[in-house]
Each structure stands twice: as C-alpha cells, then as structure tokens.
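Encoded as structure tokens, the structure appears first; notes follow it.
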Amino acid sequence: MDMSRLLKILPKVDLHVHLDGCIKPDTLIKLANDQGKSLPSYDTEELIPLVQVVEDCPNLTEYLSKFDFVLPFLQTGEALEQTAYEAVEQAHEHNIKYIEVRFAPLLHRENGLTTDDTIHHVIEGLKRGEASFGIKSRVIAICMRNHTVEENLQVIEAASHFIGHGLVAVDLAGDETSFPAALFREVFELAQNLNIPITIHAGEAAGPSNIEEAAIRLGAQRIGHGVRLNEDKNIFNLIRDQQIPLELCPTSNIQTKAVSGWDAYPIKDYYDQGIICTVNTDNPGVSGTNITKEYQLLTEKFGFTLHEITVLILNGVEASFLPADEKAALKRDFEEILTTLGVYDLTDFSKKLQDDPNG
Ligand SMILES: O=c1[nH]cnc2c1ncn2[C@@H]1O[C@H](CO)[C@@H](O)[C@H]1O
Ligand SMILES: [Zn+2]
C-alpha cells in the first residue's frame, strides 16, 4: 500500500478546524440559493479563488480577509447546522474519528441569532454529523481579538451554558499582530473561574511572548499553532516542561507566513526535542487542504516515519478536550484500529513496507 493511501486510512483527529474555514464552493452556492442571495459566480472553479488563499498570500491579515466572503452566508440556524454537519462529513472522508470544530459565535449574529442560538445550532449540526458518520464531534467557542473584552465575556458566558453538552473549550483567534493576548486577561479569568478548558491562538503572527501569556496568565491548556515557539529559548523550555500541546497547522502556517517556508518549518525539531505536537487543518476550505495532505507533507518534507506519524496522531487523542473516560475510550479505539492495520508500536515500519508483498 502506498504511503498516501495508508495516511488516508489511518484513524486521525482534528483539534483545530474553523467552521467558517470549511465552506466548499458547492455549499456556498446552495446557501446563496436557499437565502436568496447572489454570488459573483455560480461556477465552482471560479469560486475557488474567492474562498481559498492564493499561492502568494503575504500574511495573516490577508489570509483572514477570505473569511469576509463566506460569513454573510452563515447567519442563520440552518446554515450553521448544515456547515457544521458538512465539516464532520469532510472529516469522515479522511478517517478522522474525533473532531473539535471551532467558530466565533459573535460573527454569526447579523440576522438576530443570540450567542446561545449560534452555539446551539452548531452543536445540532455536529450531532447530526456524529450520528451519520460515527465521528465524535465537539465545538470550541472562539473569542475574537478585534472584539472588546465585554463582547468576549459574553462568549465565555454563553459557552458555559453548553459545557459538557457538546462544547468542550473556548479560544481566542483573529488578528494577533494588532491585539496581543494580554488584552484579554479578564475574559480568560472568567473562563478559568467557570472551569472551561482553554486553547489560544498564539505565536502565529506574533512572537512567543503571546504563547507565554496564553499558557501562564490566561490558563491555556493547548496553544493554537505556537509555531514561533523557537524564537525564545526560555518559553520553549517552559512549554516543553509543562507538556502543553501545540496545535500545528502546517499548510496554514506556511500560507500566513508564520514561518518563512518549508525549510524553516520547525515541527521535526519540536518533535525531537520533546514538544507535544499535534497536526491539524485550521481551514480546509481557505487553505485548500485536508488532514491526509497535512500528514503527507510531513512525511515528504521532514521524513516523519509511520511510527512517528502514529505518535503525532495519538498526541492529538491525548490532547483532546474530552473528559477522561471518553478520552480513554477513544484512545483504546485508536490503538485497536492501529493494531489491526499493523502500524501500532512499530519501530521500523519503512522496513515492513518494503517487505510487504502487497506494498
Ligand atoms: O489561523 C488563524 N489565525 C487566527 N485567526 C484565524 C485563523 N483562522 C481563522 N481565524 C479566524 O477565526 C474566525 C472564526 O473561525 C475566522 O472568521 C477568522 O477570522
Ligand atoms: Zn486557527
């Protein structure tokens, strides 16, 4: 079996995927028709450059501008349910068995939905997806950096109504260059007081001080991206010693210029030095990627072995925001499937591939 096929059938998780970054052109056409809205084109190919970043995207700000195009179509309960369902459907195509889909409730209120409504509808869509595809699907509510502390406090408050009922955590996303994490201490203090797990985008468009702020002051148990961790030795050691997982999203990180190029992409160094790395898609639609592609890139560009790929996958299971009993069950499922596939605990799978008469 060739590597790309094997990577596709391996059971996987995606811990960092934005709902509004998943919208396929076909879905956009359907949403526009349902809502009586017009689009500049109804041709799938012609819509791609409008929803997906171009090759030479200069920075995160430009990357984020793509979301402006799809958000007007995501302002109804039906649209949120449908796109949440499709996020699970797309995950199923790549054998993802557990997904945490994140979205920013306050970006979906233009037609009068309440913050609670938006979360409710996304959870409904995920539940339907879970029932159809057998993928455990949970939601993360995002606070946006360009919103005020008061607005973001509302998001945390609403999230607290759904914790344990489909919602597993809260996040902070958006323009990291203009809005450092420290502006939101009060927001994440509330989340901590309410016992809501926290992940925060940090060390993507700004340096490691945001990673330190997120992990130490804001109580983040995971870091979104954190790819610029290697710019500060002390913070690097801190994240390693505290075993705080990074949600790396390789293609997205290259596109937003968080890292200058594949030659400088630090995932193998991080892995070798004991940082807990997980691999995720960020925005399959905007980035034009999927989770199989992300793992494929790791094998091609950095020589990750199949054994190391399974370690990355199991890091994701371990880093999930599921309660302990559900996490243990998920881990057992993964170990069982990996064992059946003959790839669990292999130290030299490349040799097995060569020996395999069907290989
Ligand atoms: O990689 C990223 N870094 C920071 N913010 C992001 C990234 N991807 C998406 N969003 C932001 O999160 C919002 C809610 O999903 C999106 O609308 C986009 O503005
Ligand atoms: Zn993200």
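The values are calculated or read from the model by the stated rules, or taken from the named source; none is laboratory data. This is a predicted model, so every value here is computed, not measured. Virtual Cβ from ideal backbone geometry, glycine too; neighbours counted across all protein chains shown. Ligands, DNA and RNA are excluded from the accessible area calculation, which covers all protein heavy atoms including side chains. Shrake-Rupley method; radii C 1.70, N 1.55, O 1.52, S 1.80 Å.
Give segment 303-325 a look and list any residue that's open to solvent by less than 50 Å² (accessible area, probe 1.4 Å) and assigned to a helix (DSSP H, G or I), or say none.
Once the filter is applied, which keeps residues that are open to solvent by less than 50 Å² (accessible area, probe 1.4 Å) and assigned to a helix (DSSP H, G or I), segment 303-325 yields L306, E308, I309, T310, V311, L312, I313, L314, N315, G316, V317, A319.
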**Request:** All but one of (1) free of Cβ contacts under 8 Å to residues at least 60 places away in the same chain; (2) within 30 Å of A159 (Cβ to Cβ) hold for T278, so report the exception by its number.
**Result:** (1)
**Message:** Tell me the residue from A169, A159 that is part of a strand (DSSP E or B), touching a residue at least 12 places away in the same chain (Cβ under 8 Å), buried (at least 23 other Cβ atoms within 10 Å of the Cβ) and small (G, A, S), please.
**Reply:** A169
**Request:** From K24, K8, grab the single residue that is of a type in the set (K, R) and at pLDDT 95 or above.
**Result:** K8
**Asked** Does segment 18-25 include one or more residues that are open to solvent by 50 Å² or more (accessible area, probe 1.4 Å), within 28 Å of A202 (Cα to Cα) and out of contact with any strand residue (DSSP E or B) (no Cβ under 6 Å at 6 or more places or on another chain)?
**Response** yes
**Message:** Based on this model, can you work out whether A91 counts as assigned to a helix (DSSP H, G or I), within 12 Å of ligand 1 (Cβ to nearest atom) and aliphatic (A, V, I, L, M)?
**Reply:** no
**Message:** For segment 1-24: of the residues being away from ligand 2 (no atom under 16 Å from the Cβ) and within 23 Å of N253 (Cα to Cα), which is farthest from the chain's Cα centre (by Cα)?
**Reply:** S4
**Leading residue by the ranking (least open to solvent (accessible area, probe 1.4 Å)) among those in segment 55-85 that are within 21 Å of P250 (Cβ to Cβ) and more than 16 Å from ligand 1 (Cβ to nearest atom)** = D56
**Message:** Every residue in segment 268-288 that is crowded, with 22+ Cβ neighbours inside 10 Å and within 16 Å of ligand 1 (Cβ to nearest atom), please.
**Reply:** T278, V279, N280, T281, D282, N283, P284, G285, V286, S287
**Prompt:** Scanning segment 116-136 for residues that are closer than 20 Å to T148 by Cβ and open to solvent by less than 10 Å² (accessible area, probe 1.4 Å), which turns out farthest from the chain's Cα centre (by Cα)?
**Reply:** T118
**Residues of segment 181-221 that turn out to be open to solvent by 10 Å² or more (accessible area, probe 1.4 Å) and of a type in the set (V, I, T), as a count** = 1
**Asked** Limited to segment 222-239, what total is found for residues that are at negative phi and either in contact with a strand residue (DSSP E or B) (Cβ under 6 Å, 6 or more places away or on another chain) or open to solvent by less than 70 Å² (accessible area, probe 1.4 Å) (or both)?
**Response** 12
**Message:** Just to verify a result, which residue in segment 214-249, among those that are farther than 21 Å from I313 by Cβ and either of a type in the set (K, R) or in a loop (DSSP other than H, G, I, E, B) (or both), is nearest to ligand 1 (Cβ to nearest atom)?
**Reply:** R228
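Just to be sure, is V88 closer than 29 Å to Q296 by Cα, within 16 Å of ligand 2 (Cβ to nearest atom) and crowded, with 19+ Cβ neighbours inside 10 Å?
no
Would you mind stating whether K37 is open to solvent by 10 Å² or more (accessible area, probe 1.4 Å), at pLDDT 95 or above and assigned to a helix (DSSP H, G or I)?
no
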**Asked** Quick one: how many residues across segment 148-189 are among the acidic types (D, E) and within 16 Å of ligand 2 (Cβ to nearest atom)?
**Response** 3
**Request:** Among residues belonging to segment 213-252 that are of a type in the set (K, R) and more than 13 Å from the chain's Cα centre (by Cα), point out the one that is farthest from V17 (Cα to Cα).
**Result:** K233
**Residue in segment 53-61 that is at pLDDT below 95, charged (D, E, K, R) and either outside any helix (DSSP H, G or I) or within 22 Å of A258 (Cβ to Cβ) (or both) present** = yes
**Request:** Sort out which residues of segment 193-213 are in a loop (DSSP other than H, G, I, E, B), touching a strand residue (DSSP E or B) at 6+ places or on another chain (Cβ under 8 Å) and within 16 Å of ligand 2 (Cβ to nearest atom), and write them in order of number.
**Result:** G203, E204
**Prompt:** Pick from segment 96-115 the residues that are open to solvent by 40 Å² or more (accessible area, probe 1.4 Å) and in contact with a strand residue (DSSP E or B) (Cβ under 9 Å, 6 or more places away or on another chain): which of them is nearest to ligand 1 (Cβ to nearest atom)?
**Reply:** L107
